[in-house]
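Notes follow once the structure below has been shown.
The values are calculated or read from the model by the stated rules, or taken from the named source; none is laboratory data. This structure is a prediction, so every number in the text was calculated from the model and none was measured. Note that each Cβ is placed from the backbone with ideal geometry, even for glycine, and that neighbours are counted across all protein chains shown. Each accessible area value is taken on the protein alone, full model and side chains, heavy atoms only, with ligands, DNA and RNA left out. Shrake-Rupley method; radii C 1.70, N 1.55, O 1.52, S 1.80 Å.
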Amino acid sequence: MIDFRAKAINKLIPDAQYVSIDNVITTWADEREQPTDEAIQEKIAELQAEYDAKQYQRDRAVAYPSIQEQLDMQYWDAVNGTNKWQEAVAKVKTDNPKPE
């Protein structure tokens, strides 16, 4: 599971020094001002939206044949004059379209 709260705090205050227990900042040990819960929640929503928008990339990554399989397809396509590799990649892209 992604810790969006920690990522949000790091985006708001890069390399912030703090202690958090159960998603609650217990100690703020940074000289910079601690971000408000509202600012953290807004950043979490932004990060979650960015993550959700890239779901197609994660789906494609697991759907593509392995690199070894793709190289083998490319070799045999060159030998046989076929385009199986292109078809395999196109199918993954079609099955997992990039959002508009």
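Remarks
- Residue within region 77-89 that is aromatic (Phe, Trp, Tyr) and within 15 Å of the chain's Cα centre (by Cα) present: no
- Condition met for Gln34 (modelled with pLDDT of 95 or more and either outside any helix (DSSP H, G or I) or surrounded by 12 or more Cβ atoms within 10 Å (Cβ to Cβ) (or both)): yes
Residue-wise test of (1) in contact (Cβ under 8 Å) with a residue 24 or more places away in the chain; (2) more than 25 Å from the chain's Cα centre (by Cα); (3) not in a helix (DSSP H, G or I).
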residue	(1), (2), (3)
Ile9	yes, no, no
Asp15	no, no, yes
Ser20	no, no, yes
Thr26	no, yes, yes
Asp30	no, yes, yes
Ile40	yes, no, no
Ala45	no, no, no
Ala49	no, no, no
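- Identity of the residue in region 57-82, surrounded by 13 or more Cβ atoms within 10 Å (Cβ to Cβ) and polar (S, T, N, Q), that ends up farthest from Pro99 (Cα to Cα): Gln74
- Whenever a residue of region 51-72 is modelled with pLDDT of 95 or more and part of a helix (DSSP H, G or I), its partners that are of a type in the set (A, V, I, L, M, F, W, C) and open to solvent by less than 80 Å² (accessible area, probe 1.4 Å), lying with C-beta atoms within less than 7 angstrom and at least six residues away or across chains, give the pairs Tyr51/Ile2; Arg60/Val92; Ala63/Val92; Gln70/Trp85.
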